[in-house]
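Below is one structure, written out as structure tokens, with a few remarks after it.
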Amino acid sequence: MELLRIMLLFWCSISIVTATTSWSYADQEAWESVSSWECDGSRQSPINVVTSNLRRSSTLVDLNLTYFDEGYDGNWTNTGHSVQFIPDTSDDAPTVVNHLGTYELSQFHFHWGGSSALGSEHQVDGSPYSGELHFVTRKTTGSATDSDAYAVIGVLLESDSSVSLSGIWEDLANAIPEDYGDYTWLEDLLPMDLLPDDLSYYYYQGSLTTPGCSEAVQWFLLRNAVSVPADFLEALRTTVNDEDGEVLEENYRDTQSLNGRQVMIRGSGSPLGQSSFTITLLVLVSLMIQGLNH
């Protein structure tokens, strides 16, 4: 019975983020030629976030996380394209409430590069980060084909050699499943330990970043990066093997065209586009008034 449960968890997680046809990060252009995939669509992910073009929206709300501070057991699995943790949610599942509804956590997984100079899927003003963590959540209502069926919380990762390999990072690093299909059962992982304190975010409508690139994802890319032990990212790029048994040194998709989509911002501070112009104008007016008073 236990083996059946583990196999079911593994199958469900793979179906969320991958396709059945073989693919690789080395030939991403080939993704667009598969007719059953959406990789050549108009709202693909990841993107480069241009902070001068950000806008605010009154519809966005703060992310409300429930049970993310609870400990979860689950499978730490090598999918051949990443490593992901699939929590056993037989009791209360971690949930996220955003402006679109309530979503339950299905899994989280990592993306990384051949060095700490790159590895994130999303970029900010053309600059990549050392890696990226994705919390994939599924809406509790509707179908898997709805445009808001999934909400992914993206966490940008910054390699930091001064951060010791301890806590959840040590637990994950020490149990990395090396080969495709391997898994390790981990206990009492707290998803909140992988998140920054400030959950301000960039928001846009996009897709999964792996084939079939389903355009059913609402993206919440957190504005604040998390400093992670450099040893953790090194462990990923030197330990994880792909489906062919080769070391998976990098596993990020190239940034995609916005195609007219608007990226929104939610949280403290001001977007750097229109609002920064307004702030600059107010400062200039203030200086002029001070000059007149003298």
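Read-outs: derived from the displayed coordinates by stated rules, not from any lab. Quick caveat: nothing in here was measured; it's all calculated off a predicted structure. Virtual Cβ from ideal backbone geometry, glycine too; neighbours counted across all protein chains shown.
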Can you give me the distance in nm between label points at residue 26 and residue 244, each placed 7 Å from the Cα along the Cα-to-Cβ direction?
0.3
Most exposed first, judged by fewest Cβ atoms within 10 angstrom, 59, 66 run 59, 66
Sorted from fewest to most neighbouring beta carbons within 10 Å, what does the list 263, 50, 83, 61 look like?
61, 50, 263, 83
Using θ = phi - 60° and the Karplus form 6.51 cos²θ - 1.76 cosθ + 1.60, what ³J(HN,Hα) does each residue of the range 39-44 get, whole Hz, x for Gly and Pro?
5, 9, x, 9, 10, 8
Given R₀ = 45 Å, what would the calculated FRET efficiency be for residue 179 paired with residue 53, taking r from the Cβ atoms and rounding to 0.05?
0.55
Give the relative contact order (percent, whole number) for the range 2-268; include only Cα pairs under 8 Å separated by 6+ residues.
27
Take every Cα pair under 8 Å in the range 191-258 that's 6+ residues apart, average their separations, divide by the length, and report that relative contact order as a whole percent.
24
Cβ-placed point charges (K, R +1; D, E -1), dipole of the range 35-90 about Cα centre in debye, nearest 20:
440
Of the residues 189, 57, 108, the Cα lying farthest along the dipole of the range 2-268 towards its positive end, which is defined by charges on the beta carbon of Lys, Arg, Asp and Glu, belongs to 57
